[in-house]
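Below is one structure; the comments refer to it alone.
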Amino acid sequence: MAPDEKLLNSTESVCPECLKRIPAQNVRRGNDVYLIKECPDHGQFSTVIWRGEPAYESWAYPKKASSPAACATESNKGCPFDCGLCSDHHQQSCGVLLEVTSRCNLACPVCFAGITEGAAGEDPDLSVIESWYRMLLASGGPVNIQLSGGEPTVRDDLPDIVALGHKLGFNFIQINTNGLRLGKESEYVAKLKKAGLNCVFLQFDGTNDKIYKHIRGTALLELKEAAIRHCAENEIGVVLVSTLVPGINTGNIGELINYAVQKIPGVRAVHFQPIGYFGRYPKAPRDEGRITIPEVIRALESQTGGKVKTANFLPPAGENAHCSFHGNFVLMPDGTLKSWVSDLSGYYCAKAEPSSEGSVHARNFMAKQWSAPKEPLKSIKRLKEAPKVKPAINVSSMSDFLERVHTYTLSISGMAFQDAWNLDLDRLRDCHISIVSPDHRIIPFCAYNLTSCAGRALYRGKGPDHG
């Protein structure tokens, strides 16, 4: 250790070159934390994982392990080579992705799955998708479902897939989409609503087309705004999902929050995803190509002029504390955002007691918050008209507060996915976001998408072959 370094903890990771499991350490250097590891064949790697305040050591939430209700594989080779989920995993699933197509109608320079526009491939039919649904029911019950791909809306029968999931007993189903078809075809959105779609997880990287041209390769803002409008007309909740790329849209964080506030209650949440280097990305990562969780949290306060504050955000109650953050807010008639944690803590306790059911708690909260409010969206006026139709709420009245909190809410969150450079196996074992593989295994998201620096996948498109 150098004089300015402090060992925080030892863990394990993988080599970005060969994907072999190797020892790793989380080390503090000044105000920042780095994951440092060394492969006997390919040398040492050092990657920044945390910059500044809130401090890495203090960003924690007490919880107990919640082992999967059913394990499909045994821990033989060890993490991350036995996913299924295996008996060494520490969390039940909160949300599970079903990749219902390998086709896409975009060719984004940044893509988790590395799929290209016009990619060919046979879509799994309804009987295969039904078998995935039934496997999940047998593996722990009705988790939250995200239909993904590729781009799921290229399937004309996507409403049938949504309806099938609900028929089998899944209560919350969302689609992970770029929104192009939703913006072009309001009739398609209406069919999804009729099928029971609860939420649209909408790729929404920023509030201007300069951002989209860089990250997605073309101007898309007009279509994405049309998608939001069509979802609101059909009472489908929307989550705006921004992939954060340093130097491209990291200065747009505050504007995105302000934009989302104007779209409440149709927009239910904003979710930030710092860029991860797997799948397809422009070039190999350097530390200046990363933005960490505390940097996003500080940017939220500084770029909104204090509308939301660092103190309003908490570590997760389900997955590993260093994977994500969240904060929940109520939009008041005067346009201010009240935090559930501080401003309204006397009325709503957002920080529940530690529980072995962290993933279940997260699952239930997500389903409630990200769905459209019970009051029909078409009967709710825009923010600038809100004071005319709803008098200023007396926050000393519990009933008045609860009336507003069920409708005018905004969740702000972020999740830092792991790649071959910053993978921490202690974090991976705590993962509660998974993907169903074609061979009916449940694979943690970051393990499934993991690729070497040469683009070789650990799981996607094949079974594990390393140990």
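The numbers here are math on the coordinates, done by the rules we state, and not lab data. In this text, all values refer to a predicted model and were calculated from it rather than measured experimentally. Because the Cβ atoms are built from the backbone with ideal geometry, glycine has one as well, and the counts that use them run over all protein chains shown.
A few notes on this one:
- Note on Lys191: aspartates and glutamates with a C-alpha under 14 Å away, same-chain residues under 8 apart excluded, are Asp156, Asp157, Asp160, Glu233, Glu235.
- Amide proton proximity set for Ile291, modelled H, under 5 Å, gap of 5+: Ile275
- The alpha-carbon of Lys307 sits under 15 angstrom from the alpha-carbons of these aspartates and glutamates, leaving out residues fewer than 8 places away in its chain: Glu255, Asp334, Asp343.
- Taking 0.36 nm per residue of separation and subtracting the current Cα-Cα distance, fully stretching the chain between Val128 and Asn258 would add 42.6 nm.
- By average C-beta atoms within 10 angstrom, highest first, the peptides 284-296, 308-320: 308-320, 284-296
- Across the range 240-245, computed HN-Hα scalar couplings (Karplus, 6.51 cos²θ - 1.76 cosθ + 1.60, θ = phi - 60°) run 7, 10, 10, 7, 8, 10 Hz from first to last residue, x flagging Gly and Pro.
- For the range 43-52, backbone phi angles converted through the Karplus equation (6.51, -1.76, 1.60; θ = phi - 60°) give residue-by-residue couplings of x, 8, 10, 9, 9, 5, 10, 7, 10, x Hz, Gly and Pro being listed as x.
- Kirkwood hydrodynamic radius over Cα pairs of the range 223-274, then Stokes diffusion coefficient at 37 °C and 0.692 mPa s, in µm²/s: 284 µm²/s
- Intensity falloff of the range 1-88 expressed as log10 I(q)/I(0), Debye formula with alpha-carbon point scatterers, at q = 0.11, 0.14, 0.16, 0.23 Å⁻¹: -0.44, -0.68, -0.83, -1.10
- P(r) of the range 3-43 over all Cα-Cα pairs, binned every 10 Å from zero, in whole percent: 31, 45, 23, 1
- Label-to-label distance, nm, for residues given as Leu137 and Glu233 (7 Å Cα→Cβ offset): 3.5 nm
- For Ser87, the residues whose modelled amide H falls within less than 5 Å of its own, excluding neighbours fewer than 5 places apart on the same chain, are Thr73, Ser75.
- Taking 0.36 nm per residue of separation and subtracting the current Cα-Cα distance, fully stretching the chain between Ser67 and Glu288 would add 75.9 nm.
- Linear extension gain, Ala219 paired with Lys167, 0.36 nm per residue minus alpha-carbon span: 14.9 nm
- Those aspartates and glutamates that a straight Cα-Cα span of less than 20 Å connects to Lys6, excepting residues fewer than 8 apart in one chain: Asp32, Glu38, Glu53, Glu57, Asp287, Asp424, Asp426
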